[in-house]
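Engineer: Okay, handing you the structure first.
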Amino acid sequence: MSDSVIKVENVSKQYRLGQVGTGTISHDINRWWHTIRGKENPYLKIGESNDRSVKGSSDYVWSLKDINFEVKRGEVLGIIGRNGAGKSTLLKILSRVTQPTTGNIKVRGRIAALLEVGTGFHPELSGRENVFLNGAILGMSKAEIKSKFDEIIDFSGVERYVDTPVKRYSSGMYVRLAFAVAAHLEPEILIIDEVLAVGDAEFQKKCLGKMKDVSGQGRTVLFVSHNLEAISNLCDTGILLQNGMMDISGNIEYCLKKYITSSRNANLAGISLKDRLKRTNGNVLFEEIKGIKNGNETWDFNYDDEIIVYFKTTAQKETDGLSFYMALKHPFSGEIISNIKTIITENKIRAGESLCFEITIPQRTVRPGQYGLYYVLGNKEGKIYYDVIDTNVNIPMLNINPSSIDMDENSGFLSMPFKMKKNA
Amino acid sequence: MEEKEKNAEAWDLVIQSRSSFFDLNLKDLWKYRDLIMLFVRRDFVATYKQTILGPLWHFIQPVFTTIMFLFVFGKIANIPTDGIPPVLFYMSGITLWNYFSSCLNGASNTFLSNAGIFGKVYFPRLVSPISIVISNIIRFGIQFLLLILVMLWYVIFKGLDLQLSWTWLLIIPLLIVMAGMGLGLGIIISSMTTKYRDMSVLIGFAVQLLIYATPVAYPLSFLAGKSYKWLVNINPLSPLMEAFRFALFHKGTFSAGSLIYSISFMLISFFVGLLMFNKVERTFMDTV
């Protein structure tokens, strides 16, 4: 007997871009006119793949296109992909928040989705009342919540505040309580979207532990996150989405590797300011970022190569001074090099003026492997950010291949000069 | 192969792109009955947190509206009140009208005001408007209590001749019809406002105007022989309003036929609403 608990067949979802307004009604009427004559929806034939960086010609996009996969009982499936790849849309369809445009999904067992922690929390109600309310929204009965109430409060660690309105909670306490309710749901299938991005490190560990327990009990988990470390820790299998289409599925390590390398050769110009990180003001923008090896453009280096990164920046407004910061990140953990900070100019830059510069990292500094890069332009003091580019926003990762003489190729991040003295 | 066939039948849930118009999923709704009651509690409790008077605020609104009506319709316009003391006449009308209008307003905002929750988690969407209708019954109960207190005052101090009789039992079915109509019309409107907001603008003042086409501030008997009487007669709320006063004071103009008209109007709007709501709830997140 096949043991699949979720079967997704040809699922697609189409969205209409732009505003809903007077123009929309003509499309609605046209669609309705086709329906009553028994014809197919005329707008399903059009639509483009969902690549947000390319300006499309059609008002309709396929946020998801022909997704097929199966999930087996007890499997922990990670869903990965860049911003806008369709991960959340897929979860929304799975959790029945919205309906697919075509295709269907078959599910065996109770399904609970956590697309957000604390859905339906009412600020005026006390912690206790909100536990009941939130639990019921997530599909628990009152009796069920009552029997688990002490456990929930215990897990959240906010015992002292149960009878205080949640609007008086710190945001951390709020999240703790909310996650505690969700963690005590006992569905056969649990869908989780990025909820671990909140709370302190200790609580995140607790959550991950709880999720491991859940999957250990033979329940199925679908997990979406940008935290690749968590994904690689928790999941056995994965699917990689790209522009609404399924790129690959299978073993999670394989998916992660593909995901990490898939970001090469992306172009910066296509990334609008809106998609760059939010806390920037956009006074000066990166226009070009290139890796250079022996005079050629590449992101593929050898351990023995000097790594040169070339930048071209253009001021959008007159700006006083410019500083630059760059970090190397390991995809599963944090930053590993964070000292590259420098002032590019102290002087005024006119609007439209371009500045170019290069950063050189000496050979044999960074151990072989794949690294995320993180670039920041800021004012002289580095307090105000003009532009931030990060591997999450479609820029290439740095790939360093082991040199032929390197024996232990994939361990460690940095190399360190050392001395050896014989017969000391 | 045979086993495979058997498996195919065993799915608990099938999410489809197209599902039947009549697939109402009422079983699901029953499963979420605890949530309905928790929503009722939330609506009721949350409104009065951090107020001193608490639920007493429910008294204030009908009292002031009654005073207003006494002044405008009683003193200025001099409209008779069917022999019922004007205070009781206006207050009874306002109490019932409040119930209808708050059901209608609440239910018609279902999608817009719950978009945040609906976008994140699935539960039968009908839970929301139903909980609104129920929590309004509590509000009605409080206002009705006020009405009874005022009636008692009239009986004791003003010698008003009122007896408790079987007609009081009529109030329950009248409320149910009122609730059904408020809910039905409300979910029709809420289904229509997810994509185009025009309706919600319209409904805001339509309800305000509707009170004048309903015998709230005047008795139906006052319209006898007037040319615009049909306008009030086609209003399915009119017989309910008159029957409500009949149940309380034994005075009112309505017929069995007009009540049947109201009930059928309620049933039709309720089922049409249910079907529309059911269709819209599946994809409203994309357009709201």
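Engineer: Provide a whole-number value for the mean count of partner chain Cβ atoms within 10 Å of the Cβ atoms in peptide B:52-59.
Structural biologist: 0
Engineer: Same structure, new question: Using 1/(1 + (r/R0)^6) with R0 = 22 angstrom and r between the beta carbons of A:Asn233 and A:Glu186, what's the FRET efficiency to the nearest 0.05?
Structural biologist: Details: r = 22 Å, r/R0 = 1.01.
Taking R0 as 22 Å, the efficiency between A:Asn233 and A:Glu186 is 0.50.
Engineer: Quote the relative contact order of chain B in percent (integer), defining contacts as alpha-carbon pairs under 8 Å separated by 6+ residues.
Structural biologist: This gives 26 percent for chain B.
Engineer: Suppose R0 equals 25 Å. What FRET efficiency, 1/(1 + (r/R0)^6) with r the Cβ-Cβ distance, do B:Gln61 and B:Ala213 give to the nearest 0.05?
Structural biologist: Computed FRET efficiency for B:Gln61 and B:Ala213 comes out at 0.75.
Engineer: Just to confirm a number: summing +1 for Lys and Arg and -1 for Asp and Glu over residues other than B:Leu275 whose beta-carbon lies under 14 angstrom from that of B:Leu275, what do you get?
Structural biologist: That works out to +1.
Engineer: Using Cα atoms only, what is the angle between the long axis of helix B:127-157 and the major principal axis of chain B, expressed in degrees (0 to 90) to the nearest 10?
Structural biologist: Tilt of helix B:127-157: around 10 degrees.
Engineer: Keeping every protein chain present and rolling a 1.4 Å probe, give me the accessible area per residue for the protein assembly as shown in Å².
Structural biologist: Details: 34550 Å² over 712 residues.
Ligands and nucleic acids excluded, the figure is 49 Å² per residue.
Engineer: Determine the order of B:Lys279, B:Lys75 by accessible area, beginning with the largest, at a probe radius of 1.4 Å.
Structural biologist: Largest accessible area first, the list is B:Lys75, B:Lys279.
Engineer: So how tilted is helix B:237-249 from the main axis of chain B? Cα-based, degrees 0 to 90, rounded to 10.
Structural biologist: 50 degrees
Engineer: Could you size up the charge dipole of the protein assembly as shown around its Cα centre, putting +1 on the beta carbon of Lys and Arg and -1 on that of Asp and Glu, and report it in debye to the nearest 20?
Structural biologist: 1420 debye
Engineer: Same structure again: Taking A:Lys383 as the anchor, which lysines have their alpha carbon closer than 30 Å to its alpha carbon, excluding any fewer than eight residues away along the same chain?
Structural biologist: The qualifying lysines are A:Lys274, A:Lys278, A:Lys290, A:Lys312, A:Lys317, A:Lys329, A:Lys341, A:Lys348.
Engineer: Which pairs, out of A:Lys7/A:Lys206; A:Lys146/A:Lys210; A:Lys13/A:Lys258; A:Lys87/A:Lys167; A:Lys148/B:Lys31; A:Lys212/B:Lys120, put more than 26 Å between their alpha-carbon atoms? Numbers along the way, then the final one.
Structural biologist: Working: A:Lys7/A:Lys206 30 Å; A:Lys146/A:Lys210 20 Å; A:Lys13/A:Lys258 24 Å; A:Lys87/A:Lys167 31 Å; A:Lys148/B:Lys31 19 Å; A:Lys212/B:Lys120 23 Å.
Correct reply: A:Lys7/A:Lys206; A:Lys87/A:Lys167.
Engineer: I'd like the distance separating the alpha-carbon centroids of segment B:273-288 and segment B:208-263, in whole Å.
Structural biologist: 34 Å
Engineer: Continuing with this model, one more query. If packing is taken as the average number of other Cβ atoms within 10 Å across a peptide's residues, how do A:231-242, B:238-249, B:215-226 rank, most packed first?
Structural biologist: Details: A:231-242: 21.1, B:238-249: 23.5, B:215-226: 17.9.
Order by mean packing, descending: B:238-249, A:231-242, B:215-226.
Engineer: If you take each beta carbon of peptide A:121-128 and count the beta carbons of other chains within 10 angstrom, what is the mean?
Structural biologist: Mean number of neighbouring Cβ atoms from other chains: 3.
Engineer: Ignoring everything except DSSP H segments at least 4 long, calculate the 222 nm mean residue ellipticity for the protein assembly as shown; use -39,500 (n - 2.57) per segment, divide by total residues, nearest 500. Write down the numbers at each step before the final one.
Structural biologist: On the way: 21 runs with 284 residues, N = 712.
Value at 222 nm, helices only: -13000 deg cm²/dmol.
Engineer: Can you check what the net charge comes to around B:Arg139, using other residues whose Cβ is under 15 Å from the Cβ of B:Arg139 (Lys, Arg +1; Asp, Glu -1)?
Structural biologist: My count for the surroundings of B:Arg139 gives +1.
Engineer: Suppose R0 equals 45 Å; then what is the FRET efficiency for B:Lys158 and B:Ala10 from their Cβ-Cβ distance, rounded to the nearest 0.05?
Structural biologist: After rounding to 0.05, the efficiency reads 0.05.
Engineer: May I pose another question? Can you give the mean number of other chain Cβ atoms that lie within 10 Å of the Cβ atoms in peptide A:99-105?
Structural biologist: For peptide A:99-105, the averaged partner shielding equals 6.
Engineer: Taking a point 7 angstrom from the Cα of B:Lys27 along the C-beta vector, which residues in segment A:95-117 have backbone N less than 19 Å away?
Structural biologist: Those under the cut-off are A:96, A:105-112.
Engineer: Which of the lysines could be linked to B:Lys229 by a straight reach, that is with a Cα gap under 25 Å, when you skip same-chain ones fewer than 8 residues away?
Structural biologist: Filter leaves B:Lys75, B:Lys251.
The values are calculated or read from the model by the stated rules, or taken from the named source; none is laboratory data. These figures come from a predicted structure and were not determined experimentally. Please note: Cβ atoms are built from the backbone with ideal geometry, for glycine as well, and neighbour counts cover all protein chains shown. Each accessible area value is taken on the protein alone, full model and side chains, heavy atoms only, with ligands, DNA and RNA left out. Shrake-Rupley method; radii C 1.70, N 1.55, O 1.52, S 1.80 Å.
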